[in-house]
1. Pull out the extension gain between Tyr19 and Thr96, defined as 0.36 nm times the separation in residues minus the alpha carbon to alpha carbon distance; nm, one decimal.
2. Between Ala146 and Met1, what is the label-to-label distance in nm when each label sits 7 Å out along the Cα-to-Cβ direction?
3. Give the Cα extents of region 1-71 along the principal axes, in whole Å, largest first.
4. Hey, quick one: spin label on Val107, modelled 7 Å out along Cα-Cβ, who in region 35-54 has an amide N within reach, i.e. under 16 Å?
5. Once you have the Cα-Cα distance between Val66 and Arg133, take 0.36 nm times their residue separation minus that, and quote the gain in nm to one decimal.
6. Of the listed peptides 12-23, 41-52, 144-155, what is their order by residue-averaged count of other C-beta atoms within 10 Å, with the highest listed first?
Amino acid sequence: MDQFLFFLVAFLAVASAVYFVFAKNPLYAILSLIVTMFSIAGMYVLLNAQFLAIIQIIVYAGAIMVLFLYILMMLNLNKEDESKKNNTLKFVGVFTAGLLLIGVLGVFRGVQDNHVVVENVDRGVGLTKNLGRLLFNEYVLPFELASILILAGIVGAVLIGKKDL
């Protein structure tokens with residue numbers, strides 16, 4: 001079942017990434033990139049790395065993609081601008097993807113059928129509970145010092161940005 005879910009999420013990620021490359025409308029391209037980021041977060045969940053999945057969704061699919069959408073809407077691209085673009089960049093992209101495919105096939109050709117038997121696997125490695133326990137037990141002092149440093153930066157930014165105090 002896990003393998004089926006992995007292939008489903010991987011197919012969704014690759015399909016949306018390919019659509020991102022070949023989409024004519026930039027808005028649809030960015031929306032397909034958001035689907036790609038969510039698919040990668042799904043792969044992290046399947047690898048039992050829930051913290052990385054949440055960070056992937058919050059940082060990439062949330063903040064950065066919303067910023068891309070905001071910039072795209074501020075640019076107000078028209079269809080007249082799209083027809084002026086040449087196909088040189090698409091050719092370079094296809095050529096580079098072909099070189100990458102040749103490299104990946106070369107790696108797979110060099111790999112033998114080495115099957116690793118996995119025993120005694122710790123299933124709690126990527127859990128957020130273990131990360132929180134580690135942060136608040138062993139690394140509590142550096143964690144609190146980092147929060148004080150961030151707070152000092154925020155206060156400094158407010159003081160610099162504010163004219164009348």
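No lab work stands behind these numbers, since they all come straight from the coordinates. Note that the structure is predicted; figures quoted are calculated from it, not measured. Cβ atoms come from the backbone with ideal geometry, glycine included; neighbour counts cover every protein chain shown.
1. 26.0 nm
2. Rounded to a tenth, the inter-label distance reads 3.5 nm.
3. 37, 23, 10
4. Label zone hits: none.
5. Full-extension gain reported as 20.9 nm.
6. 41-52, 12-23, 144-155
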